[in-house]
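Encoded as structure tokens, the structure appears first; notes follow it.
The values are calculated or read from the model by the stated rules, or taken from the named source; none is laboratory data. Everything numeric here is computed off the predicted structure, so don't read it as measured data. Here the Cβ is made from the backbone with ideal geometry for all residues, glycine too, and neighbour counts use every protein chain on show. In case anyone asks, the SASA skips ligands and DNA or RNA and just uses the protein heavy atoms, side chains included. Shrake-Rupley method; radii C 1.70, N 1.55, O 1.52, S 1.80 Å.
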Amino acid sequence: MTTPGLYHILTISTALFFIGIYGFLTRRNLITLLMCIELILNSVNLNFIAFNKYLWPEKLDGLFFTLFSIAIAAAEAAVAIAIIIHLYRNHHSVDVESAEELKY
Amino acid sequence: MPQASILLIPLLPLIGFLVPALGGKTIFKKQTGWFATFLLAVSTALACSTAWNYFFSYGKENGIYQKHFPFHTTWLQLTDTLSIDMGILLDPISALMIVVVCIVSLMVHLYSLGYMKHEERYAMYFAYLGLFTFSMLGLVLSSNLFQIYMFWELVGVSSYLLIGFYFERPKAVAAAKKAFIVTRFADLGFLIGILALSYQAESLDFVTLLERLTQPNSTYLTQATTSSFLGISSITWGCLLLFMGGAGKSALFPLHIWLPDAMEGPTPVSALIHAATMVVAGVFLIARMFPLYALGAPEVLDIVAYTGAFTALFAALIACTQTDIKRVLAYSTMSQIGFMIFALGVSGYGGTAGLGYSASLFHLFTHALFKAMLFLGAGSIIHFVHSNELKDMGGLRKSLPVTHLTFLIGCLALSGIPPFSGFFSKEGILLAAYQQKPFFYGIGLFTSLLTAFYMFRLYFSVFWNKPQQNTDRIAGDGGLTITLPLLILAAGTCVSGFIPFGQLVSSDGIPFSSSLHLGFAVLPVLLAIAGISLAFLFYQKDNLRAAYWSEKLKGFYKTTYHKFYIDECYMYVTQKIFFNLIGKSAAWIDRNIVDGLLSKTGSGTQVLAEKIKSFQSGKLQSYTTWYLIGIIVLIGLFTFFIH
């Protein structure tokens, strides 16, 4: 069994990223959209880790960025869920199609 | 030496304007009049003491009246050499003018206390009077051309406000607009004149400007006389345009049309603004710039003289036929201003040749007093009979004894009967004309005859002519606030003629003694008496002589009655030519090209916005899709095309 190289991990993260994009564009449930965003974020985190480990193993920048990114993702999730709950109270639905008042 | 307290003279009336204008409806109400009058009384006292000290204590140095600058500050520094300043220039004519303005304004304030007390907008009336007095004092004390121009416009505004005081009357509104537009048109010339002169002299300051443009060998003067436009040198243009501004304010032909209409304002206002002070601003301006006219542009001074003489004669003729008491007085004012202007026009510079200059300002002074008194008297008469028309008056001498007496004094003074003040000043003007240009002497004599005739036509029509009327009304001149100003001005009219004026005001500041030649005075006085006798024959008793003669001279009488159709000419030119040719084509360009361009831009934007607004659908996922497509396109571009 060979140890996974940089390209393996990048392949996984790219797949994760496009799964997230696909989900974000096709699903209707806002909670699911939020989950898709988390997927996208995590693919990016994976990239950070991978590049850090394989290209500059003596440095820690990638790890720190990942930590930051996780913290921000947590905060973002909290805000997003608050918005979604509020939307639900007004529209009795968490369907993204039902929240389109912000237009011209 | 002059004190900075001179600054208070114009500033106190400004307070009298600001306080009621900002809070008059709530704070003072009925006390506004007394408040304003008190402030002005302080101003007047200061002005009189300033003038007294100037003339008799510190003004003269080596026998020449000096110019003093008690206050000076730079207001707008435009470049290193050019700045617009604010300052006070004290010399014989400004010292004279502050006294005239303050005294007449104080009398009008006092009179208005009684005359205007039932007015709805009593507080605003006094506020406007305060604004006017402030601007007029600022005008006469100005130390440079630009400052005088600002105050010049301010008096125009306050005149506009006061003519249109009864803004519920359409005629008053029209008169206010007419006055403003005509004087504003003249002020356009004034402004261009200021620019032309100050460009040549590289200074706005009176003293510097006059010095640079009158020194025989100065480079500025050479420059100004050699550079020309349309074959006329720029100094001539400057003087001519300055005179145009003065002619507009002073109602000289052909810019006189606003003054008779301005009589729509309250009568005390006519006394203050349209008889005694504002309308002589043109005379003051020429006097202020006199060395320039006399030494730099004598050909303009000739134009000044002809304009003045023509106006004097022309207005006197019209005054003989008008039937509205205030309009007769208005035309008489125009005629007298014509006198002052042509006296300046015939005057030389320096010594006894400058008699015309001195006489002109003397006439300004005496005329201000007795014409203000005549207008205030006319106010009492109008108040009593409730009409401006002469035919509604007659036999009022018992009902209005004080008005009768003071009006008679005013008429005698205006006709030039000794020992009243008008005699002395008019003699001075006639003597100056006789010595310098006899042609003007002839016009002056004939106008004096007409003056005596129309003034006594007025006097006899109002106070004699018919048996006593309106006996049901309570006879009497009104309260002390009405009669006191009349009596004070009458006293002034009786004594002011004896002031040795040449000792105080002269063209170059060097006093000279102007002696009155008794032999010379005989002819004008005889002519005045002839005019009075003619008026006596026509109007002392109600008879048909006047009607007979007006029928005989029908064509001429009618033309004169219609003021030589000048207004109609202006209406024709403005309505038919300006409005139709220029106005309509300008309106077309405005509507179709200027507006069209703008509205096409607007409607084009609207169409475009309508097209692209569907992008903003509010659908989150479609935004994301477009965003993604954009990113992919950019990545494609950067990868394959841009390196």
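For the pair A and B, how large is the buried accessible area, both sides, in square angstrom to the nearest 100, if the probe is 1.4 Å?
Using a 1.4 Å probe on protein heavy atoms, the buried area is about 1000 Å².
Provide A:88, B:160, B:128, B:357 ordered by accessible surface of protein heavy atoms (probe 1.4 Å), highest first. All intermediate terms of the calculation are to be shown ahead of the outcome.
Numbers: A:88 115, B:160 85, B:128 35, B:357 10 Å².
If we order A:88, B:160, B:128, B:357 from most to least accessible, we get A:88, B:160, B:128, B:357.
Give me the percent of accessible area attributable to carbon and sulfur for the stretch B:356-457, probe 1.4 angstrom.
On the way: 1730 of 2510 Å².
Exposed carbon and sulfur together represent 69 percent of the surface.
Given charges of +1 on the Cβ of Lys and Arg and -1 on the Cβ of Asp and Glu, with all other atoms neutral, how large is the dipole of chain A about its Cα centre, in debye to the nearest 20? Walk me through the numbers before you get to the answer.
On the way: 6 positive and 8 negative charges, 27 e Å.
Rounded to the nearest 20 debye, it is 120 debye.
Show that you can apply the helix-only estimate: for chain A, add -39,500 (n - 2.57) for every DSSP H stretch of four or more residues, divide by all residues, and state [θ] at 222 nm to the nearest 500.
After summing the helix terms and dividing by the residues of chain A, the value is -26500 deg cm²/dmol.
Mind putting together the pair-distance distribution for the protein assembly as shown? All Cα pairs, 10 Å bins, whole percent per bin, short to long.
Calculated over all Cα pairs of the protein assembly as shown, the distribution is 3, 12, 19, 18, 11, 5, 4, 6, 7, 6, 4, 2, 1, 0, 0 percent.
Output ³J(HN,Hα) for the stretch B:499-512: one whole-Hz value per residue in order, computed from phi by the Karplus curve 6.51 cos²θ - 1.76 cosθ + 1.60 with θ = phi - 60°, and x for Gly and Pro.
5, x, 6, x, 5, 9, 10, 9, 5, 10, x, 8, x, 9
Could you check how many percent of all C-alpha pairs in chain A are farther apart than 25 Å? Intermediate values should be presented prior to the final figure.
Values: 1866 of 5356 pairs.
Value for chain A (Cα pairs over 25 Å): 35 percent.
Hey, can you grab everything whose amide H is under 5 Å from the amide H of residue B:75? Only 5+ residues off in sequence or another chain; H modelled, so Pro and N-termini drop out.
Under 5 Å from the amide H of residue B:75 lie the amide H atoms of B:84, B:85, B:86, each far enough along the sequence or on another chain.
Please list B:542, B:590 from largest to smallest accessible area, probe radius 1.4 Å, with all protein chains kept in place.
Working: B:542 110, B:590 75 Å².
Sorted descending by solvent-accessible area, the residues read B:542, B:590.
Helix A:6-26 versus the longest principal axis of chain A: what angle, 0 to 90°, nearest 10, using Cα atoms?
10 degrees
To the nearest 10 square angstrom, what accessible area does residue B:121 show with a 1.4 Å probe?
70 Å²
Can you put B:293, B:623 in order of accessible area, largest first, using a 1.4 Å probe? Intermediate values should be presented prior to the final figure.
Values: B:293 0, B:623 80 Å².
From most exposed to least exposed: B:623, B:293.
Using the structure shown, list the pairs from B:371/B:563; B:371/B:552; B:563/B:584 with a Cα-Cα distance above 28 Å, or answer none.
Details: B:371/B:563 22 Å; B:371/B:552 32 Å; B:563/B:584 30 Å.
From the list (B:371/B:563; B:371/B:552; B:563/B:584), the Cα-Cα distance tops 28 Å for B:371/B:552; B:563/B:584.
Per residue, how much accessible surface does chain B expose to a 1.4 Å probe? Answer in Å², no decimals. The partial results should precede the final answer.
On the way: 27260 Å² over 643 residues.
Each residue of chain B exposes 42 Å² on average to a 1.4 Å probe.
Using a 7 Å offset from the Cα along the Cα-to-Cβ direction at both residue B:117 and residue B:81, what is the distance between the two label points in nm, to one decimal?
Distance between the two pseudo-spin positions: 6.1 nm.
Based solely on its DSSP helices, what 222 nm [θ] is calculated for chain B when runs of n ≥ 4 H residues each add -39,500 (n - 2.57) and the sum is averaged over all residues, nearest 500 deg cm²/dmol? Could the numbers behind the result be given before it?
Values: 27 runs with 423 residues, N = 643.
My calculation for chain B gives -21500 deg cm²/dmol from helical runs alone.
Summing +1 for each Lys or Arg and -1 for each Asp or Glu, what net charge is found among the other residues whose Cβ lies under 12 Å from the Cβ of residue B:344?
0
Residue A:103: which lysines have alpha carbons under 28 Å from its alpha carbon, excluding same-chain residues fewer than 8 sequence positions away?
Leaving aside lysines fewer than 8 places away in the same chain, those within reach of residue A:103 are B:600, B:611, B:613, B:619.
Around residue B:155, with a cut-off of 14 angstrom between Cβ atoms, what is the net charge of the other residues, counting Lys and Arg +1 and Asp and Glu -1? Write out the running numbers ahead of the final one.
Details: positive: B:184, B:249; negative: B:153, B:187.
So the surrounding residues net to 0.
Any idea what the relative contact order of chain A is, in percent, if you count C-alpha pairs under 8 Å spaced at least 6 apart? Kindly include the intermediate steps, with their values, before the conclusion.
Details: 84 pairs, mean separation 27.9, N = 104.
In percent, rounded to a whole number, it is 27.
Using a cut-off of 15 Å between alpha-carbon atoms, which aspartates and glutamates can reach residue B:67, once sequence neighbours fewer than 8 places away in the same chain are excluded?
B:91, B:205, B:211, B:508
Measuring with a 1.4 Å probe in the full set of protein chains, what accessible area per residue, in whole Å², belongs to chain A? Display every interim value, and only then the final one.
Details: 7340 Å² over 104 residues.
Heavy-atom SASA per residue in chain A reads 71 Å².
Find, to one decimal place in angstroms, the Kirkwood hydrodynamic radius of chain B, where the mean of 1/r is taken over every pair of different Cα atoms and then inverted.
26.7 Å
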